[in-house]
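Here is the structure we will look at, set down as structure tokens.
The values are calculated or read from the model by the stated rules, or taken from the named source; none is laboratory data. Predicted, not measured: the structure shown is a model, and the values here were computed from it. Neighbour counts run over all protein chains shown; Cβ positions are idealised from the backbone, glycine included. Keep in mind that these areas ignore ligands, DNA and RNA; they rest on the heavy atoms of the full protein, side chains included. Shrake-Rupley method; radii C 1.70, N 1.55, O 1.52, S 1.80 Å.
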Amino acid sequence: MSDAQVFPAERPSKPAIIRGLRRRCPECGEGHMFDGYLKVVDNCPVCNEDLSQHRADDGPAYLTILLVAHILGFAIHFMWVIWQPQPIVMATTLTLAAVGLSLFLLPRLKGMIVAIQWARRMHGFGHNT
């Protein structure tokens, strides 16, 4: 058995992660990774890379909550210190910011997690060399 069969070609993580954050195929960077908002396509429409093996599960949601909560935590502090708005204005503004930021980040973080799994050959992605 040759080394190429035992150790398949390495997939660089950094370009795959950047492509995932752009919601593109981690292999070619051209094809769309999603069919709709969050449904990962089974195969890349450009290079035909199999993406059906992903197991993103709840990871993107947890990362989204973590990032949004930290960003809004700082925003609450700075809004109160600098402007001291009325509570209803502050609550409305931060609610809209939380929803908007969550909707923006969720598909990008899911793309990143799928790309990391692809680059590290996790969950069936290892069979493709």
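The single condition among (1) assigned to a loop (DSSP other than H, G, I, E, B); (2) under 29 Å from SER13 (Cβ atoms); (3) open to solvent by 30 Å² or more (accessible area, probe 1.4 Å); (4) modelled with pLDDT of 95 or more that PRO26 does not satisfy is (3).
Listed by first and then second residue, the pairs linking a residue in the stretch 24-43 that is more than 12 Å from TRP118 (Cβ to Cβ) to a residue that is surrounded by fewer than 17 Cβ atoms within 10 Å (Cβ to Cβ) and at pLDDT below 95, with Cβ atoms under 8 Å apart and 6 or more places separating them unless they lie on different chains, are ASP42/ASP50; ASP42/SER52; ASN43/ASP50; ASN43/SER52. Tallying residues that are of a type outside the set (A, V, I, L, M) and buried (at least 16 other Cβ atoms within 10 Å of the Cβ) within the stretch 5-21 yields 3. Checked across the stretch 70-81, the condition of being over 21 Å from LYS14 (Cα atoms), touching a residue at least 40 places away in the same chain (Cβ under 8 Å), touching a helix residue (DSSP H, G or I) at 6+ places or on another chain (Cβ under 7 Å) and open to solvent by 40 Å² or more (accessible area, probe 1.4 Å) holds for no residue. If you check TYR62, TYR37, which single one turns out to be modelled with pLDDT of 95 or more, open to solvent by 100 Å² or more (accessible area, probe 1.4 Å) and out of contact with any helix residue (DSSP H, G or I) (no Cβ under 8 Å at 6 or more places or on another chain)? From the options TYR62, TYR37, the qualifying one is TYR62.
Among the conditions (1) assigned to a helix (DSSP H, G or I); (2) over 30 Å from MET122 (Cα atoms), the only one that GLN84 does not satisfy is (1).
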